[in-house]
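Chemist: Dropping the structure in here first, questions after.
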Amino acid sequence: MSFTVSAGTASRVYSWQHGSLLTALEQGLSLTTSGLSDVRIVDSEGRSHSPAALYQRMFGPRPADEAAQPRARAA
């Protein structure tokens, strides 16, 4: 299976090929945190995912996402 990671700047679009979903996800998350825009991961079936949505689908909420969620208080 192959995965394409793409990301853009104001003037260019870059893409990288990966044979592993985990390496594609790692790069996608890294590119997102480095400030590149429109970071996408496309699988061999042509489905496009944002790195955050793909991470959540595979592993559940990221620790930073859980901290941002409001928690119910005991009465």
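Quick note: the coordinates plus some simple rules give every number you see, no bench work behind them. Since the model is a prediction, treat every value here as computed from it, not as a measurement. Cβ placement follows ideal geometry from the backbone for every residue including glycine, while neighbour counts extend to all protein chains displayed.
Chemist: Find the centroid of the Cα atoms in segment 41-64 and in segment 19-35, then give the distance between the two in whole Å.
Modeler: Here the answer is 10 Å between Cα centres.
Chemist: Continuing with this model, one more query. What does the charge count around Ala7 come to, taking other residues whose C-beta lies under 12 Å from its C-beta (Lys +1, Arg +1, Asp -1, Glu -1)? Intermediate values should be presented prior to the final figure.
Modeler: Values: positive: Arg12, Arg40; negative: Asp38.
With Lys, Arg at +1 and Asp, Glu at -1, the net is +1.
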